[in-house]
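What follows is calculated from the coordinates using simple rules that are stated; it is not laboratory data. Fair warning: this is a prediction, and the values are worked out from it, not measured in the lab. Using ideal geometry, Cβ is built from the backbone for each residue, glycine included, and neighbour counts are taken over all protein chains shown.
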Amino acid sequence: MSDLDFQDDLHQVNDSNLYGENTNLQIIDLHPLLSTDYELCDLDASTAEHSVPGESFLADLFPDETLYSRYLNGLISFDDLMREMHRKETCVSPNSALNQRVKTESDQEDEPSGTSESSDIEHAAPRRKCRQARAKRKLPVELAQYLGEAERCLNNNQFDEAESICRTIIEAVPNASAPYVVLAEVHYRRGDQEKANEFLFAAAQRSPTDTNLWTSLIDFAEEKNDLALAMYYTRLAVRSAKQDITLRRRLIQYCERAGRSREALILRLTALSISPEPSGEEQFRLARSIADEFFKLMDYNSSIRAYESAFEAYPTHGTDADKNTVLSILLQQHKHEYALRFFLRFCDVTIRAANRKSLRWDLLPDQLKRPNRYTTCKFPDNMPPELYLKLFLVMVRLKLTSACTSPIRSAFTDEIADAFSDWLLDIIKSYRVIGLHAAAGELLLKLTQLKATKNMPHVWIMLAETQIEHGQVETAIESYRYVVDTLAPRHAEARLALSNLLKRVGRHQEALDMLKPSNVVCKQKPEERRRFSKRLSSKVATTSQQQQRNTQPTEPATRVKFELPDSPKKLQTKAEEVMNLMDDDDGGLDVISGDSDYEDGDDFDDDYDEDAEERKQAYAEWLRSSEAISDTTLMSYDPVAYRIAFERCRMLDHPTSIAAFMDEAWNLLFTDVARLCGPDWARLAIFLENTRLRSRLMSRLGTNQHSSHNVTERETSTKERNVSSLDIWSLFLRLVEMLMLNLPQSLSYLQTASIWGCLLPEIYNDEGRRMAASNLLISSCLLGRQGTPAFIKLKDLHKKWAHKNQYWNVLNMAVNLSKDYKHCRYLDRLVTKDTADLPVGIMANNDFIVRGSYRFAIARLIGVRNSMPDDPLLLLLLAVSFLGVSAHKHAVSRHPAVLQALGFLSEYRRVRGHCQEVYYNIARACHQLMLGHIAVHYYEKVLTMEPVGETELEKSLTDLRQEAAFNLALIYRAQGNFAMAHHMMQTYLVF
């Protein structure tokens, strides 16, 4: 029934005045509602059985004439009428003509389905579910008419009545979308855009296939400039309408605007698969573009899918370059089965068995379980060599060797080997992977006879490896020797493999000879050697003249050149010579830069440094002498020689060759450091202190974050070296372990190794290794009574360990051993910064006491005592300082100083308590003042007291009875009482 017929029927009812009264019936316009997603009942079937137009419709629409008469007489409202009708029965009742017609049709459909197969029944079940879901979203006819009333109210701006009607309909049919559309329009006209958007979204969710609703939502989001919300709505719309190209393109634009290039690419790829382009050229052009973008993002699977979608849509339009690209990506991902499927499907490749059955791409996993069945392989004659070589590679990997052996042998020609030698080698590697070493060896022998590949080292290396797998050891040795002697003497892998093979067969000396670094060192041309020699001699002459101008006449004799020895015995001798130079070179100690604190911005100004000019001269001297050493002469510059030397050390690390191991490890680790630093102690101290020079040195030795030049070249050398920093650290620790086992004979050697180890980039650039090497340097130097390097390293630890007394004890030992006035000035400046720092104050004032500056020491100690009045050590030091003043030869009167000393000693006894230490110090003071009778009294008290400590070990460390007995013996001997002196010696000092 059309809309006009429906309106005519309603007008006929109004004009005929069926009930004899002039009633004004409201004509509901259902035309806007019919355009929505809900469905009205099919009225054509009911009207076809009646002669009177509209009679059946009115009979179904108003089943209760009494109820309708009450509405026409005005006794009930339209809302009451609809409510009563809905409570009694619906228009679409189980016995209605419409349901009868649907039931009849379904019965007619079920009759033949009863005799059909079970598969037809299975396909009918989802259809019934879809009908049930669609029925839940339908509006019954009376509710549809009721919704028309809501639209009439909406058109009359009666928004509250329209909203009430819609909410009533939603309560009855919550899954219908039409009332939500009307509610959205109500709120939109009210000006509530957010609420309208919510109801429209609810309508779209209940009718997801309605693209108009989603488009409206997307437009609303665009008006608000909410890109994320627009993307969300568009994504939901695309999910419901996957074939809609317009929505998909819109979503792609949103993703590109949001910077989500990867998601946009995925959408473009999906669109390429769902809706192919009209021509094959355009399809492949888009596929190449999308695949390239995915390849740049390292999404290889999506790149492959882009090409596959193009080949599936237009199989004959793909070029050889496209096929080659797809196969290269598949082989790179080791997807050999997918590659063979691509060959069979798109490259006209046929692989047949003996029974003439071909290998099918859709049944490939099952058919590959028996690969030996297939014996022949056919491919187009015009296929490029690169493609059929990849086909051979894939077939060998999938063990289809029976079908490809003959074509592979025919492919090993000079022409193909010249252009595609890498693919031929990959095919041979595939044979080795699947265990066919005999076939691999046969093909390698063929390569050694071809002109294009017979001089390739890796061909001979692979041949030697294959021969080893066949047990042909002597033949493999000859193959390796041909590489290292003729083809590539600097080939590290071949040399190492030959050395390991010789070691396996028991020829250890030959294996070691193979790993001599001198065999692989790059030789300079004669012209370059002469030019470098002239440059070196001129720089050395300039350096010598500068040294003669800036140093004392005796100093050049101490600056000897350090050459690494050839044996452990000579090595130890040289190390001892260097340590002797450290002890005797007092002039060199004056050249040491003052403090590493100067290079930081946190400590002292250069006004305190009186030797800045001397340090600058020392820096310039090193720069001139180091530039005379070319990088090409350093072992760290040659990655092959460096690796060979490292592997030689590893081979020598055996209990039977410890001496040779120590010698080779020393050469590897410290050859370059010794050449660049020089042997004298002053220059080593410069590198330990000065950050700039240390960074410059490390840039010469290897890669470092402070490298100033040739960074790229040095990083490349380090990578080619194939020796990690962990390997160097392990070798260093192993060398230190060997040295520590030979202490104390190897102490000087250990000191030198620890100092130079701190300058290695592989150690210094790692915080943990740097701390361990620093601790080793401090310990070894203190054991060897070399305080300056220990002091330099301890200064670096000041900020971290300044709160620990152990740190100040070790620093005090380093200062006392160094005997360098500059270190004491460093402590004095620390006191100037923080006068309340007790350890620094005590150490600095002890230096003043030792040097005789008693009054300055007293002034400093009084200032420290004001902040710490109960510290017994400060009281003892004040007493010692006043004793020193009393003993000074220029003192006007000694009595006040003596009284002050005795007063501080008394205060010291009160604070410290009664113990051996207190009475021994009082006795020493009296002994110094030549008050022997008083000193004897306190010494005897020390002899009668037990030492402080809880264990016997602690008591033995604090016991002062031997010192007191010795001093008593001295007093008795001075007084002529030799018997008592002898008694004391026998009682307390003889064991």
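If we sort 352-361, 735-744 on the protection proxy, mean other Cβ atoms within 10 Å, highest first, what's the order? Provide the component values of the computation, followed by the final result.
Working: 352-361: 13.5, 735-744: 15.4.
Order by mean packing, descending: 735-744, 352-361.
Assuming a ≥ b ≥ c are the square roots of the Cα gyration tensor eigenvalues, decide whether segment 321-435 counts as rounded (a/c under 1.5), prolate (otherwise, with a/b larger than b/c) or oblate. Please report the intermediate quantities before stating the final value.
On the way: a/c = 1.44, a/b = 1.32, b/c = 1.09.
Rounded is the answer for segment 321-435, as its axis ratio a/c remains below 1.5.
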So what J values fall out for segment 977-983 if you push phi through Karplus, 6.51 cos²θ - 1.76 cosθ + 1.60 with θ = phi - 60°, rounded to Hz, Gly and Pro as x? 8, 6, 5, 5, 4, 5, 5
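Restrict the search to segment 877-955; then list the GluC sites (Glu not before Pro) that DSSP places in a loop and that have at most 12 other Cβ atoms within 10 Å of their Cβ. Working shown, then result.
Working: sites: Glu907, Glu917, Glu940, Glu950, Glu952, Glu954; in loops: Glu950.
Those that pass, being in a loop and sparsely packed, are Glu950.
I'd like to compare 796-807, 390-401, 282-293: which one has the highest average count of other Cβ atoms within 10 Å, and what's the full order after that?
Details: 796-807: 12.8, 390-401: 23.0, 282-293: 19.2.
Highest to lowest by the protection proxy: 390-401, 282-293, 796-807.
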Which entries in the list Lys446/Lys503; Lys323/Lys454; Lys429/Lys454; Lys799/Lys822; Lys429/Lys451; Lys795/Lys833 go over 27 Å, if you measure between the two C-alpha atoms of each? Lys446/Lys503; Lys323/Lys454
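Shape of segment 914-991 from its Cα gyration tensor (a ≥ b ≥ c, root eigenvalues): rounded if a/c is under 1.5, otherwise prolate when a/b > b/c, or oblate?
Values: a/c = 2.87, a/b = 1.40, b/c = 2.05.
In terms of gyration-tensor shape, oblate.
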Once you list every other residue whose beta carbon is under 15 Å from the beta carbon of Lys296, what net charge do they have if Lys and Arg are +1 and Asp and Glu are -1? 0
7 Å from Cα along Cα→Cβ at both Val948 and Glu737: what's the point-to-point distance in nm? 4.2 nm
Defining a contact as two alpha carbons under 8 Å apart and six or more residues distant in sequence, what relative contact order in percent does segment 817-912 show? 21 percent
Can you compute 3J(HN,Hα) from phi for each residue in segment 754-765, using the Karplus curve 6.51 cos²θ - 1.76 cosθ + 1.60 with θ = phi - 60°, rounded to whole Hz and x for Gly and Pro? 5, 5, 5, x, 5, 9, 6, x, 5, 9, 5, 6
Only counting other Cβ atoms within 10 Å, I'd like Thr448, Thr691 sorted with the fewest neighbours first. Thr691, Thr448
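Among Lys819, Lys889, rank each residue by its count of other Cβ atoms within 10 Å, from fewest to most, as a rough exposure measure. Please report the intermediate quantities before stating the final value.
On the way: Lys819 12, Lys889 4.
Ranked by crowding around the Cβ, least crowded first: Lys889, Lys819.
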Where does the charge balance sit around Thr413 when Lys and Arg score +1, Asp and Glu -1, over other residues with C-beta under 14 Å from its C-beta? +1
For Arg370 and Leu899 in the same chain, what is the full-extension length gain: residue separation times 0.36 nm, less their Cα-Cα distance, in nm? 179.4 nm
Please state the relative contact order of segment 199-254 as a whole percent: Cα pairs under 8 Å, 6+ residues apart? 29 percent
Rounded if a/c is under 1.5, else prolate if a/b is larger than b/c, else oblate: which is segment 127-260, with a ≥ b ≥ c the root eigenvalues of its Cα gyration tensor? oblate
Cut-off is 10 Å between beta-carbons; in what order do Met383, Met298, Met698 appear when sorted fewest neighbours first? Met298, Met383, Met698
Could you derive backbone 3J(HN,Hα) for segment 307-318 from the dihedral phi with the Karplus parameters 6.51, -1.76 and 1.60 (θ = phi - 60°), listing whole Hz in sequence and x where the residue is Gly or Pro? 5, 5, 5, 5, 5, 5, 6, 9, x, 8, 9, x
If amide hydrogens are placed 1.01 Å from N in the peptide plane, which non-local residues have theirs closer than 5 Å to the one on Thr376? Arg352
Run the quick spin-label model on Glu337 and Ala438: label points 7 Å from Cα toward the beta carbon, then report their separation in nm to one decimal. 2.9 nm
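For segment 914-991, what is the charge dipole size about the Cα centre, in debye to the nearest 20, if Lys and Arg each add +1 at the Cβ and Asp and Glu each add -1 at the Cβ? Don't jump to the answer; show the numbers that get you there.
On the way: 5 positive and 8 negative charges, 84 e Å.
Dipole of segment 914-991, to the nearest 20 debye: 400 debye.
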